[in-house]
Amino acid sequence: MSDTQNTVLVIGAGLMGTGIAHGFALAGAKVLLHDAVPTAAERAVTEVGAIFDGAVKLGKLSTGDAATAKAGLALAPDLAVAAAQSGLIVETATENIGTKIAIFDTVVANAPATAILATNTSALSVTELAATTRDPGRFAGMHFFNPVHKMKLVEVVRGLATTPETVQTLLDWAERMGKQSIVVSEAPGFTTSRMSALMGNEAMYMLQEGVASAEDIDTAMRLGFGHPMGPLELGDLTGWDTRFAVLQYLHRVLGEKFRPCPLIEKMVKAKRYGRKVGQGVYRYEHGKKVPGSGLSA
């Protein structure tokens, strides 16, 4: 594999971008991390280093392997320059199709013609994004799950024009990262986002109606169905601003059953986005949920 083929550009240094950069670096790729806010990228590199250090302390990673992975991760302040050096480009910016198209306009103008382009969108149209590029056959979805360093699943999303070779390249990368992949033909919300959006929306309706407390709703899904976290905890982790945008899109294209719960809209207006701001359905201190802090209807 050439240096370019082994170089992955991750665009977006939020929670997902941080995890994706970690995963590719651990898999031995040279990872370039770009964010429109330089301090966000710097913070993400620090956080990736902390994940590696934690793995060493737990005995899950050797000191040498951690050092090698850290050395493979670099900041990429200039998107155009970074795109020109990369064989795989994974965009994980905000769930706004206009923002994503603008990013790919810059990427396409500078990336090698052989580069694979992927979006981590959880719901938006891969085909629509691909149509704005010069070679839609080399474009697909590569949807990771949060937290990326713990979650094994990757959805590889095939747009209308995505070639089998592009799909296979992404499957190979996912395997190299130690992930299990499924291949999805594009549909609004794919598989997981569609189901998760409904569950999280219904949980918020239950909270709004006073059916049960936030803690009890989440406990019911953890203990009754074996989910690793409840839907309200998951919404806090994902970000209710992101969840609201996804629900708005699914409501527009799939109909009334995806209408966002008014409580979600109210929380977004109040900027109670979740863990990333320290306040969502629950309150967080130093990144940890404060017991008994669940939102009341």
Please work out which residue is surrounded by the fewest Cβ atoms within 10 Å (Cβ to Cβ), limiting yourself to the stretch 277-297 and to residues that are among the β-branched types (Val, Ile, Thr) and closer than 14 Å to residue 239 by Cα. 277
Please verify whether residue 166 is closer than 23 Å to residue 28 by Cβ, modelled with pLDDT of 95 or more and touching a helix residue (DSSP H, G or I) at 6+ places or on another chain (Cβ under 6 Å), treating the condition exactly as stated. yes
Scan 167, 253, 154 and give me the residue that is hydrophobic (A, V, I, L, M, F, W, C), over 18 Å from residue 293 (Cα atoms) and under 17 Å from the mean Cα position of the chain (by Cα). 154
For the stretch 206-223, pairs from a residue that is part of a loop (DSSP other than H, G, I, E, B) to a residue that is buried (at least 17 other Cβ atoms within 10 Å of the Cβ), with Cβ under 7 Å and 6 or more apart or across chains, are 212/206; 213/294
Among the numbered conditions (1) part of a helix (DSSP H, G or I); (2) outside the structural domain of residue 255 (by TED's automatic domain parsing), tell me where residue 202 comes up short. (2)
Among the residues of the stretch 143-167, write down those that are touching a Gly at 6+ places or on another chain (Cβ under 6 Å) and under 21 Å from residue 240 (Cα atoms). 147, 148
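Among 133, 166, 106, which is of a type in the set (S, T, N, Q), over 21 Å from residue 1 (Cα atoms), outside the structural domain of residue 276 (by TED's automatic domain parsing) and part of a helix (DSSP H, G or I)? Let's see the steps before the verdict.
On the way: 133 fails: part of a helix (DSSP H, G or I); 166 fails: over 21 Å from residue 1 (Cα atoms).
The conditions single out 106.
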Could you say whether any residue in the stretch 275-285 is within 16 Å of residue 202 (Cα to Cα), out of contact with any Asp or Glu (no Cβ under 7 Å at 6 or more places or on another chain) and outside any loop (DSSP other than H, G, I, E, B)? no
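The values are calculated or read from the model by the stated rules, or taken from the named source; none is laboratory data. Treat the numbers as computed from the prediction; the structure is a model and nothing was measured. Please note: Cβ atoms are built from the backbone with ideal geometry, for glycine as well, and neighbour counts cover all protein chains shown.
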